[in-house]
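Colleague: My questions all concern the structure below.
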Amino acid sequence: MRMTAYVDFVRSTSLLFTARRAGRTEDEIEELARLNDAKTRILLSADTSVLKSLERFWLQGGTLEKEQEILAFRSLCDEMRVSLGKERISLQMDLAGVLFKVQPSTYSYKAHGVDG
């Protein structure tokens with residue numbers, strides 16, 4: 001249950017963030033409901049350190065639009081990993097870039113026929 005809640009939370013957060021990056025600012029009720037459902041399951045099943053990190057991320061804004069939100073999200077992901085018995089993520093890793101860039105840095109708009 002815990003792993004599924006974590007995955008659903010990251011998926012919902014990513015979906016909302018990517019939609020905003022693409023210019024859509026209206027939230028769909030279903031998307032928000034999935035996000036809140038995942039947060040509730042985390043509340044019921046996660047370690048206290050994860051709950052504190054979730055609270056920090058949410059109180060920072062929870063949109064991944066500002067640096068402090070990204071840092072709080074990174075901390076939350078780290079706590080989720082530790083609660084699952086995994087090692088902490090290296091500070092060198094660009095977690096936000098890996099998870100939330102719309103296109104990888106090697107993506108070529110010319111190769112895909114998109115005018116730039």
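The values are calculated or read from the model by the stated rules, or taken from the named source; none is laboratory data. Just so we're clear, the structure is a prediction, and the values are computed from it rather than from any experiment. Methodologically, a virtual Cβ is constructed for each residue, glycine included, from the backbone with ideal geometry; neighbour enumeration extends over all protein chains shown.
Colleague: Pick out the one residue from 64, 44, 54 that is of a type in the set (A, V, I, L, M, F, W, C), in a helix (DSSP H, G or I) and either on the phi > 0 side of the Ramachandran plot or surrounded by 13 or more Cβ atoms within 10 Å (Cβ to Cβ) (or both).
Modeller: 54
Colleague: Tell me which residues, restricted to region 81-97, are farther than 21 Å from residue 4 by Cβ and either of a type outside the set (Asp, Glu) or modelled with pLDDT of 90 or more (or both).
Modeller: Of everything in region 81-97, those that are farther than 21 Å from residue 4 by Cβ and either of a type outside the set (Asp, Glu) or modelled with pLDDT of 90 or more (or both) turn out to be 88, 90, 91, 92, 93, 96, 97.
Colleague: Tell me which of these residue 10 doesn't satisfy, since it passes every other one: (1) modelled with pLDDT under 95; (2) over 16 Å from residue 78 (Cα atoms).
Modeller: For residue 10, the exception is condition (2).
Colleague: Just one of 20, 24, 2 is more than 15 Å from the chain's Cα centre (by Cα), of a type in the set (Lys, Arg) and at pLDDT below 85; which is it? Talk me through it step by step, then tell me what you get.
Modeller: On the way: 20 fails: more than 15 Å from the chain's Cα centre (by Cα); 2 fails: at pLDDT below 85.
So the residue among 20, 24, 2 that is more than 15 Å from the chain's Cα centre (by Cα), of a type in the set (Lys, Arg) and at pLDDT below 85 is 24.
Colleague: What number of residues in region 55-80 are within 17 Å of residue 3 (Cα to Cα) and free of Cβ contacts under 8 Å to residues at least 40 places away in the same chain?
Modeller: Step one: of region 55-80, the residues within 17 Å of residue 3 (Cα to Cα) are 73-80.
After this cut, where a residue has to be free of Cβ contacts under 8 Å to residues at least 40 places away in the same chain as well, the list is 74-76, 78-79.
So the answer is 5.
Colleague: Return the total of residues in region 17-30 being out of contact with any helix residue (DSSP H, G or I) (no Cβ under 6 Å at 6 or more places or on another chain) and either of a type in the set (A, V, I, L, M, F, W, C) or part of a helix (DSSP H, G or I) (or both).
Modeller: Filtering region 17-30 down to residues out of contact with any helix residue (DSSP H, G or I) (no Cβ under 6 Å at 6 or more places or on another chain) leaves 18-30.
In the following step, the residues that additionally are either of a type in the set (A, V, I, L, M, F, W, C) or part of a helix (DSSP H, G or I) (or both) were identified as 18-22, 29-30.
Residues that pass the stated criteria total 7.
Colleague: For the condition over 18 Å from residue 9 (Cα atoms) and modelled with pLDDT of 65 or more, what is the one hit in 66, 39, 52, 110?
Modeller: On the way: 39 fails: over 18 Å from residue 9 (Cα atoms); 52 fails: over 18 Å from residue 9 (Cα atoms); 110 fails: modelled with pLDDT of 65 or more.
Answer to the selection: 66.
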